[in-house]
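Student: Dumping the structure here so I can ask a few things about it.
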């Protein structure tokens, strides 16, 4: 498994110049190759991205840059063009991608990528060795896991340098042993605007991280710092200082959100074997301005939380399932399983079932329905008779997904 691990590096003044030169060189190569490609468009044969070696004689300063960073810029341009043409033909998933644009020093990300070849990138005694840069001080706030494959160096807008190390990590150290289906720990999670995630457990666990609306709490300070940036003289020293303060504040809010998502996702993958979520269309929820929840959806970070659950479930041998988008989890009574069509509006937070009279909390009822959906589909697959979970080599993830894939008619979970 390839795992990215981010750290802060503290280079000296000379090392900063070398890193900035490699960042500028990668941007220079990207823009020049893109300009050459656009000049060839219109011919009979499709154009190709030329090699950057032809730019070296006119630019001797490129010898001081990392050669892998320059070649990586060409690879990035080829990927951007491939994604554009695939998206244009409809062969690429997700939203459509436009034609590549030129990179700017002021608006684009200041970054470059280099690969580990022959041990030219290694970590020793809180120092990391980088090509053309040398030994740089690194803040190892956590142990580095795995073997380094490549690194991604970024100059952030607040003036700090960050390195992301892509490492190859073994993932078999947290294998779970399950004797039968009845011993599975299953939880349903309903994503909520007020409490972030409501689970199907009757008694809430106080060890879980409490959700705080970090963006809402810091919104006044964000507006004040943004106002200071707008009132400074353009491209002045005070303007640069104000921009760095604003960037540092945005990074603080972002790190608070990431810290919460990391802790909560680790809690669920370590304490439960199967986690059932609802498949929400987050992009449409963020665009829907009529309900007034756009800012809240972006502040919550549901997509980030779902990504953390996916990759951590591989490490801790758990299963993350997403219920079908049209599954009526909020409208179905978890006791009598009858559907109440009058609770579609989000303003209805609590309701009484017209069939059995049970009183429900909207989010808690939805979480319980998601949990029951898993057991219902296991019974449909005939999994009650299964008690042997592989030959000792298959993981819990592989076993559960194999059992659920037996039901080919109207799959209840996305991506099984």
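Student: When Rg is the radius of gyration of the Cα atoms in region 286-350 and Rh is its Kirkwood radius, what does Rg/Rh come to?
Tutor: 1.06
Student: For region 2-168, what does the convex hull of the Cα positions come to per residue, in cubic angstrom?
Tutor: 150
Student: Hey, another quick one. What distance in nm lies between label points placed 7 Å from Cα along the C-beta direction at residue 158 and residue 141?
Tutor: Here the answer is 1.0 nm between the modelled labels.
Student: Among 256, 65, 353, rank each residue by its count of other Cβ atoms within 10 Å, from fewest to most, as a rough exposure measure.
Tutor: The fewest-first ordering by Cβ neighbours comes to 256, 353, 65.
Student: Given springs between every Cα pair under 10 Å in a Gaussian network model of the chain, which of 323, 91, 35 has the largest fluctuation?
Tutor: Among 323, 91, 35, the largest GNM mean-square fluctuation belongs to 91.
Student: Based on a Kirkwood Rh over C-alpha pairs, give the Stokes-Einstein translational diffusion coefficient of region 56-118 at 4 °C and viscosity 1.567 mPa s in µm²/s. Provide the component values of the computation, followed by the final result.
Tutor: Values: Rh = 14.0 Å.
Using the Kirkwood radius from Cα pairs, D works out to 92 µm²/s.
Student: Which whole number of Å³ per residue matches the convex hull of the alpha-carbon atoms in region 314-364?
Tutor: Numbers: hull volume 5.8 nm³, N = 51.
Measuring per residue, one finds 114 Å³ for the Cα hull of region 314-364.
Student: To the nearest 10 degrees, how steep is helix 67-89 against the longest Cα principal axis of the chain, on a 0 to 90 scale?
Tutor: Tilt of helix 67-89: around 50 degrees.
Student: Can you compute the FRET efficiency between residue 83 and residue 220 using 1/(1 + (r/R0)^6), with r the Cβ-Cβ distance and R0 = 45 Å? Round to the nearest 0.05.
Tutor: On the way: r = 39 Å, r/R0 = 0.87.
After rounding, the FRET efficiency stands at 0.70.
Student: Ok, one more. What ranking do 41, 19 get, fewest neighbouring Cβ atoms within 10 angstrom at the top?
Tutor: With the sparsest Cβ surroundings first, the list reads 41, 19.
Student: Still on this model: What is the angle, in °, between the Cα long axis of helix 302-315 and the longest principal axis of the Cα atoms in the chain? Nearest 10 is fine, range 0 to 90.
Tutor: 90
Student: With labels modelled as points extended 7 Å from the Cα through the Cβ direction, what inter-label distance (nm, one decimal) is found for residue 92 paired with residue 58?
Tutor: A separation of 2.9 nm, rounded to one decimal place.
Student: What distance in nm separates the two pseudo spin-label positions at residue 248 and residue 201, each 7 Å out from Cα along the beta-carbon direction?
Tutor: The modelled label-to-label distance comes out at 3.9 nm.
Student: Along the principal axes of its C-alpha atoms, what lengths does the chain span, in descending order and rounded to whole Å?
Tutor: 80, 58, 57
Student: What is the helix-to-structure angle for 219-231, meaning the angle in degrees between its Cα long axis and the longest Cα principal axis of the chain, kept from 0 to 90 and rounded to the nearest 10?
Tutor: Value to nearest ten degrees: 20.
No value in this document is a laboratory result; all are computed from the given coordinates. Please read all numbers here as calculations on a predicted model, not as lab measurements. Using ideal geometry, Cβ is built from the backbone for each residue, glycine included, and neighbour counts are taken over all protein chains shown.
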